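Below is one structure, written out as structure tokens; the observations come after it.
The values are calculated or read from the model by the stated rules, or taken from the named source; none is laboratory data. Computed from a predicted model, the values in this text were never measured in an experiment. All Cβ positions, glycine included, derive from the backbone under ideal geometry; neighbour counts span all protein chains shown. Ligands, DNA and RNA are stripped out before the accessible areas are found, and what is left, the full protein with its side chains, is counted by its heavy atoms. Shrake-Rupley method; radii C 1.70, N 1.55, O 1.52, S 1.80 Å.
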Amino acid sequence: LGQTNFLVFVVASMIIAGLMQFYFQGTAQFMQDVGVPSKNVPASMAIAQAMQAIATFFLLGLLLTSIGFKWTLIVGAGCWLLLYLIYIATNEKLLIIPAQALHGLAYVFFIIVGQIYAKSVASEKILSTMQALMFAATTGLGLLLGTQLAGAAMDKFKSEGKFQWRQIFMVPAAIALVCIVALALLFTAPAS
């Protein structure tokens, strides 16, 4: 963490991982509120898992080789930003359902690529410590803070028992945009 570059990466990873909680806490209810029958929500959200598998097997190596760690991470974070922008811009379920694929792409291109990057810069001596740090930052502190923020936003933007989804999803969209800009300007990574 004494290296500014790696500190930027860890902080951005923690924040962006936390933003997943808006997806996990809000998407099912959001889909129902825009007219997706509740019985179809799990299958609709499973599109993300299917895309995650496809991206892992067919796109991950290609993207890393062609644009490297930095830009693959930015593409991953950008997928979450795009997903939240779609949520903000439309109530059209024919756009929202296929947009679930963006969550799967984001997970592969940001979370998994982040783990690969961290492993690539860690020496054998500190590899296990690095993996523990990344796990604690993303799935520990990141998800804890993201859960609190998503809950607070959902409480704040609820009126007469109805969620104001545009305002709710503006929160992770704005934060993701700031993180993407920070990564683009402050983060450098060796070629993959």
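How much FRET efficiency would the formula 1/(1 + (r/R0)^6) give for Ala28 and Ser123, where r is the Cβ-Cβ distance and R0 is 30 Å, rounded to 0.05?
On the way: r = 42 Å, r/R0 = 1.42.
Efficiency, from the Cβ-Cβ distance: 0.10.
Using the C-alpha gyration tensor of segment 1-90, what are the square roots of 5 times its eigenvalues, in whole angstrom, with the largest one first?
On the way: eigenvalues 164, 61, 23 Å².
Calculated on Cα positions only, the semi-axes equal 29, 18, 11 Å.
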Treating only Lys and Arg (+1) and Asp and Glu (-1) as charged, each at its beta carbon, one finds that the chain has a dipole about its Cα centre, in Debye to the nearest 20, of 20
Taking a crude spin-label model, label points 7 Å out from Cα along the C-beta direction, the Leu95 to Leu185 distance in nm is 2.9
Taking Cα atoms only, helix 60-89 is inclined relative to the longest principal axis of the chain by an angle, in degrees rounded to 10, of 20
Tilt, helix 4-33 to longest principal axis of the chain (alpha-carbon atoms), in degrees rounded to tens, equals 20
Given backbone amide H placed at 1.01 Å from N, residues whose amide H is under 5 Å from that of Ala189, ignoring those fewer than 5 places away on the same chain, are Lys70
Which of (i) 54, 34, 28; (ii) 47, 37, 32; (iii) 57, 41, 37 is the computed Cα extents along the principal axes in Å? It is (i)
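What pairs from Lys93/Lys156; Lys70/Lys119; Lys39/Lys93 go past 22 Å between their alpha carbons? Please list the in-between numbers first.
Numbers: Lys93/Lys156 25 Å; Lys70/Lys119 14 Å; Lys39/Lys93 14 Å.
Checking Cα-Cα distances, Lys93/Lys156 exceed 22 Å.
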So the angle from the long Cα axis of helix 41-54 to the longest Cα principal axis of the chain, reported in degrees to the nearest 10, equals 20
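At 1.4 Å probe radius, can you tell me the per residue accessible area of segment 99-161 in Å²? Could you put the intermediate results ahead of the total?
Working: 3290 Å² over 63 residues.
So segment 99-161 comes to 52 Å² accessible per residue, rounded to a whole number.
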So, relative contact order of the chain in percent, Cα under 8 Å, 6 or more apart, is 40
Per 10 angstrom bin, beginning at 0 and ending with the bin that holds the maximum distance, the Cα pairs of segment 132-192 fall in percents of 19, 34, 32, 12, 3, 0
